[in-house]
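Inspection log for the structure reproduced underneath, given as structure tokens.
The values are calculated or read from the model by the stated rules, or taken from the named source; none is laboratory data. This one's a predicted model, so the numbers in the text were calculated from it and none came from an experiment. Methodologically, a virtual Cβ is constructed for each residue, glycine included, from the backbone with ideal geometry; neighbour enumeration extends over all protein chains shown. SASA here: full protein model, heavy atoms, side chains in, ligands and nucleic acids out. Shrake-Rupley method; radii C 1.70, N 1.55, O 1.52, S 1.80 Å.
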Amino acid sequence: MTPSPPIRKVRVIDSHTGGEPTRIVIDGAPDLGQGSVADQLRILRESHDDFRSAVVNEPRGSDVMVGAVLVPPADPSCVAGVIFFNNVGYLGMCGHGTIGLAATLAHLGRIDPGSHRIETPVGVVTITLHDDSSASIENVLSYRYRTHVQIDVRGFGRMTGDIAWGGNWFFLVHDHGLGLEMKQIDKLTDVAWRIRRSLQHSGITGKDGREIDHIELIGPPANPRANAKSFVLCPGGAYDRSPCGTGTSATLACLVADGKLSEDQVWVQESIVGSLFEGSAKIVEGGVIPTITGTAYVNSESTLLLNPHDPFCMGIRA
Ligand code: PYC
């Protein structure tokens, strides 16, 4: 009798940052070689994409789950490398996920309060773990690429937005005409998805033809501590429960470009579920370096079992 193929074990730590989940693989990921984190991402994408799906997709995960693999950094000044992904693909950077990474590394006893460099596929970011367990991330260079871009959104008419990079590509819209409230989630998701479609159909992209895969709708805050509230639609159709770290970075870049935010001025962004991130920006050549502060909570340590007999072992793909 041939022996059954073994069940593969993958150790993960789950956390949430302002309500948005992050599942970090700390053991059991495929071997991605010794290259830069960008090279390791290429190997993960080209040769092990089913692993991404197994970690974040149903039945183990959900459309909302953001996953990550902790990898060895090529840059010796970094304490870790990280590759973020979601239900449909990979993220250049992930702000809420990096705050979740700080909480996870602290939970594992791998970092203490203080600053630590992390290698991501789009550059090195710095996390500062604070004594109260909150964390700040100094993000990659963020900038506004185009302003006052007009699009026709089917069923909603003409809208105007900014295209900005905050570690992912964003289209930021103020004139959407909708209240940013939980009871409007279906409508907000619908309009944001239509905006994305309209950008695709019109051939409107980020720099170098990169797809704009995050849509951010901005409006007045509900919390008196906040400056603005946002609804962010992620690439796979789920909305970000957190204020979105890369989205807040893109917002800061636009505010600075418009002269509405000065260097180091604190900006508080509220998410659609009411969680808050604090942001500020250093002005540099070509844009800003944002710092985003939030708190993540580790809420599970577990072992995923990848059973080759399970027909949905590698997740249900869209
Ligand atoms: O916090 O940057 C972020 C993020 C991107 C997608 C989901 N969260």
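Brief remarks on what is shown
- Those strands (runs of 3 or more DSSP E) of the range 104-214 in which 1 or more residues are out of contact with any Pro (no Cβ under 8 Å at 6 or more places or on another chain) and closer than 20 Å to Ser271 by Cα occupy 134-138, 157-165, 169-173.
- Hits in the range 40-61 - residues which are free of Cβ contacts under 8 Å to residues at least 24 places away in the same chain and over 19 Å from Arg8 (Cβ atoms): Arg42, Glu46
- Look at the range 207-232: where a residue is more than 15 Å from Thr248 (Cβ to Cβ) and a partner is of a type outside the set (D, E, K, R), sitting 6+ places away or on another chain with Cβ atoms under 6 Å, you get Lys207/Tyr145; Arg210/Trp169; Ile212/Trp169; Ile212/Phe171; Ile212/Leu199; Ile212/Gly206; Asp213/Pro235.
- Glu216 being under 25 Å from Ile137 (Cα atoms) and open to solvent by 70 Å² or more (accessible area, probe 1.4 Å): no
- For the range 1-54, taking the residues that are part of a loop (DSSP other than H, G, I, E, B) and small (Gly, Ala, Ser), the one that is most open to solvent (accessible area, probe 1.4 Å) is identified as Ser4.
- Scanning the range 63-86 for residues that are in a loop (DSSP other than H, G, I, E, B) and touching a strand residue (DSSP E or B) at 6+ places or on another chain (Cβ under 9 Å) returns Val64, Met65, Pro72, Pro73, Ala74, Asp75, Ser77, Asn86.
- Among residues of the range 77-93 that are farther than 16 Å from Thr22 by Cβ and away from the ligand (no atom under 14 Å from the Cβ), those with a Cβ under 9 angstrom from a residue that is part of a strand (DSSP E or B) and open to solvent by less than 10 Å² (accessible area, probe 1.4 Å), sequence gap 6+ or separate chain, pair up as Cys78/Ile118; Val79/Ile118; Val79/Ile127.
- From the list Thr189, Thr248, Thr205, Thr295, the lone residue that is at pLDDT 95 or above, surrounded by 15 or more Cβ atoms within 10 Å (Cβ to Cβ), within 18 Å of Leu141 (Cα to Cα) and of a type in the set (Ser, Thr, Tyr) is Thr248.
- Put simply, of Asp190, Asp152 the only residue that is of a type in the set (Asp, Glu), within 27 Å of Asn86 (Cα to Cα) and away from the ligand (no atom under 16 Å from the Cβ) is Asp190.
- Checked against (1) among the small types (Gly, Ala, Ser); (2) in contact with a Lys or Arg (Cβ under 9 Å, 6 or more places away or on another chain); (3) assigned to a loop (DSSP other than H, G, I, E, B), Ser300 passes all but condition (3).
- Answer residue from the range 217-240, given it is more than 19 Å from Arg196 (Cα to Cα) and part of a loop (DSSP other than H, G, I, E, B) and is farthest from the ligand (Cβ to nearest atom) among those: Pro224
- Qualifying residue in the range 134-147 (condition: more than 16 Å from the ligand (Cβ to nearest atom) and open to solvent by less than 10 Å² (accessible area, probe 1.4 Å)): no
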